[in-house]
Structures are given as C-alpha cells and as structure tokens.
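Visitor: Okay, here's the structure, questions in a sec.
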Amino acid sequence: MILVLIDHDRGEIDPLSLRALTAARKLSHEVEAVAIGSEGASLAGIVGEYGATALHVATHSSIIDYTPMASGRALKDLVEKLKPAAVLAAGSPRGNEQLAHLSAFLDIPMAAECSEITLGSPHHVLRARWAGNLIESAFVHSDLLVATILGFSIEAQTTGGEPATVVSFEPSLHPADTVVRILSRDSGESKGGVTLNDAKVIVSGGRGVGGAEGFGKLEELAELLGGTVGCSRVVTSSGWRPHAEQVGQTGTKVAPDLYIAAGISGAMQHIAGMKNSKTIVVINTDPEAPILRYADYAIIGDLHQIIPALTSAIRQAKG
C-alpha cells in the first residue's frame, strides 16, 4: 500500500496533492491518503475520485492550522500502524517540510522532487536538483520510501472512484511538536481574489520594473487578463511586493496558461518556479537575458512602454 499525504489549507486541497495521488497509482499498489487536521475529512470525495480507498484524518486539539512537526509525528504514528511500502507527498514547500519531519522521526532518508519512482530493494528514483537543471538518478536504501513528487511532472488523472472511507485517529503529540505553527495570515490574493496557485495568467515583474510604484501597470494588465501579479526574489527582498507573490524555488512554483515576465533577467531560482508555464512571454531590454531561452515569445524593449501598449490593445480587442 502507498500512503499519500494530502496537503490542505483549512479544508481546501492543494491541487499538487492530486498529482501525488496519480503518481502513487502508477506504482501498482493500493493507495490510501492521510490529511492532517479535522477539516481534512471533507476531502474524502475528491481523494476517492483520484484513487484513494481510505482517507486517514489526524485530529488533535493542538492541530488547528499548519503545524509541520505535528504533521510529521502524526505520519510516524500512522506509518508504524499501517506499514506502507512508501509515503508520498507533493513536492511543495509544505509537502517537503512535513515529510522531512517524518524522515527525521524515523531516522531514514527522504527523496525530494522525484519525477520517477521504482519501488524495490533498494528503491530507485529520478529527482530534480539544482533548480531542475540536473536530474539525479539515485538509489534509496530504506525499507520504507519517503519521497515527494516534483511539481507538474505528472498530470492529475481521475479514476472516477467512490469517496474514500474516512478513518480518524489521534496522534500522540509532544509539546515541542506545536512550537512552530501559524500565528497570522496574509491571504496573498490579488485585487481580483486570484492566487498564484490557481491563476491561469500571471504577470510577473523583476528589478527592471524600477520600484514598487511601477507594479501598478502590471496589476492593471493582470486584472484585465483575469490573472494575478507575481515577482522575482529581488523584488521581495527590496520590499516592493510581498513574499506571497514571489515566483521561484524559494517562492511559489507555478504553471499557468500564460506567464508574462517583465524586467526579469532569469536567475536559476526564478526559472525553477515558472518554466512549466504553458506559454511564456518575456519583455526585456536585454536581448541576452537568460530568461529568453525559455520564452515562447520575446519582446525586446522598455516594459514601461510595452505593458501600457499591451493593456490598451487588449482593451480595444475586448471592445
């Protein structure tokens, strides 16, 4: 049996978890799921649709939001009871963090960002390294494989199955397990209420935007296209935009239908976060900028002239 961690935010599932369920089914084992927190019980229908026969829900009075170490402890309790062949999760920051705690508690290795998995003795994985610029072939010497699935390396596919059977359990937590927890939240939503994770269109800005005031033009274009604004790490480091909007290896990995990169040179960590976008449009004054290697369309010029021109043309096209 393969156990898949279903990451959710107060009952709203992370779509990358559905890709992890799909990857688990390809290993030709029965698939069961686990969600941390009582609100995870509401996900029985969707995880069943993607192949999970059971949904184990960890409930505890101390788990009231995202508590990564408590998640690891809960997973340890469940693994020792069910003895699965593998534990998988989405290769997101939260998925990687929670399985890292599980591996630490069990004192076994963890393989992150896997694009292919072959169970065996030892297990074999292909995984992304150096922001996806290198694919590592590695053997994992452990009876239990703990691994996360590289984001967007597999498409989520339904099975049309029945809702999973919900099985609640209460993990044995230690006081230290909830020291790291959510204290407050920033929704990270644009004015239109669209987040980076669910946006079909992202208009991202980098150092070339020139400052916080320059993002007004990008916001206008994003809103017109029904999308949201993203940015590079240098932008958040400069305090121009919140971290919730950062696209990249240390921000959010995205795969929208359209990604417009304005004034972004294309550092490796940023490319790792957006290279899976279906169509990439780059606006840059530098014809040698590294990001141009990933562009489907490139506009060489001043974004402060090009973005307003695009906005005007789209408004006219929409009548």
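The values are calculated or read from the model by the stated rules, or taken from the named source; none is laboratory data. Keep in mind that this is a model prediction, so the values were computed, not measured. Cβ: placed from backbone, ideal geometry, glycine included. Neighbour counts: every protein chain shown.
Visitor: If you take the residues in the range 98-110 that are farther than 18 Å from Arg129 by Cβ and out of contact with any strand residue (DSSP E or B) (no Cβ under 7 Å at 6 or more places or on another chain), which one is surrounded by the fewest Cβ atoms within 10 Å (Cβ to Cβ)?
Guide: Asp107
Visitor: For the structure I just gave you, tell me whether Gly226 is surrounded by 16 or more Cβ atoms within 10 Å (Cβ to Cβ), over 21 Å from Asp302 (Cα atoms) and without any contact (Cβ under 8 Å) to a residue 40 or more places away in the chain. Before you say what the answer is, go through the steps one by one.
Guide: Numbers: surrounded by 16 or more Cβ atoms within 10 Å (Cβ to Cβ): no; over 21 Å from Asp302 (Cα atoms): yes; without any contact (Cβ under 8 Å) to a residue 40 or more places away in the chain: yes.
Judged against the criteria, Gly226 is not a match.
Visitor: Given the residues Gly210, Gly161, Gly206, which is the only one that is of a type outside the set (Ser, Thr, Tyr), in contact (Cβ under 8 Å) with a residue 40 or more places away in the chain and not assigned by TED's automatic domain parsing to the domain that holds Lys278?
Guide: Values: Gly210 fails: not assigned by TED's automatic domain parsing to the domain that holds Lys278; Gly206 fails: not assigned by TED's automatic domain parsing to the domain that holds Lys278.
After applying the criteria, what remains is Gly161.
Visitor: Inspect the range 283-291 for any residue being within 25 Å of the chain's Cα centre (by Cα) and touching a residue at least 24 places away in the same chain (Cβ under 8 Å) and give the result as yes or no.
Guide: Just the residues of the range 283-291 that are within 25 Å of the chain's Cα centre (by Cα), to begin with: 290-291.
Next, from what is left, pick out any that are touching a residue at least 24 places away in the same chain (Cβ under 8 Å): 290-291.
Yes: one or more hits.
Visitor: Among the residues of the range 196-210 satisfying the criterion of being aliphatic (A, V, I, L, M), touching a Ser or Thr at 6+ places or on another chain (Cβ under 8 Å) and modelled with pLDDT of 95 or more, which is surrounded by the most Cβ atoms within 10 Å (Cβ to Cβ)? Steps first, please.
Guide: Taking the range 196-210 as the starting set, the residues that turn out to be aliphatic (A, V, I, L, M) are 196, 199, 201-203, 209.
So of that shortlist, the ones also touching a Ser or Thr at 6+ places or on another chain (Cβ under 8 Å) come out as 196, 199, 201-203.
Filter once more, so that each one left must be modelled with pLDDT of 95 or more: 201-203.
Numbers: Val201: 20, Ile202: 29, Val203: 31.
Checking each candidate, the answer is Val203.
Visitor: Only residues that are among the hydrophobic types (A, V, I, L, M, F, W, C), under 11 Å from Lys217 (Cα atoms) and surrounded by 13 or more Cβ atoms within 10 Å (Cβ to Cβ): list them for the range 294-319, please. Can you show your working first?
Guide: Quick first cut of the range 294-319, residues among the hydrophobic types (A, V, I, L, M, F, W, C) only: 295, 298-300, 303, 306-307, 309-310, 313-314, 317.
Narrowing further to those that are under 11 Å from Lys217 (Cα atoms): 303, 306-307, 309-310.
Residues satisfying the conditions are Leu303, Ile306, Ile307, Leu310.
Visitor: Scanning the range 142-155 for residues that are modelled with pLDDT of 95 or more and in a loop (DSSP other than H, G, I, E, B), which turns out nearest to Gly51 (Cα to Cα)? Outline the logic, then answer.
Guide: Of the range 142-155, the ones modelled with pLDDT of 95 or more are 142-149.
Those left that are additionally in a loop (DSSP other than H, G, I, E, B): 142-144.
Numbers: Ser142: 26, Asp143: 24, Leu144: 21 Å.
Going through the qualifying residues, I end up with Leu144.
Visitor: Limited to the range 241-269, what total is found for residues that are assigned to a loop (DSSP other than H, G, I, E, B) and within 22 Å of Asp286 (Cα to Cα)?
Guide: Residues that pass the stated criteria total 6.
Visitor: Report the residue count in the range 40-67 for those that are of a type outside the set (A, V, I, L, M), under 20 Å from the mean Cα position of the chain (by Cα) and part of a helix (DSSP H, G or I).
Guide: In the first step, residues of the range 40-67 are kept if they are of a type outside the set (A, V, I, L, M); the result is 40, 42, 45, 48-51, 53, 56, 59-62, 65-67.
Checking which are under 20 Å from the mean Cα position of the chain (by Cα) leaves us with 40, 50, 65-67.
From the residues that got through so far, the ones that are part of a helix (DSSP H, G or I) too are 40.
Selection size over the range 40-67: 1.
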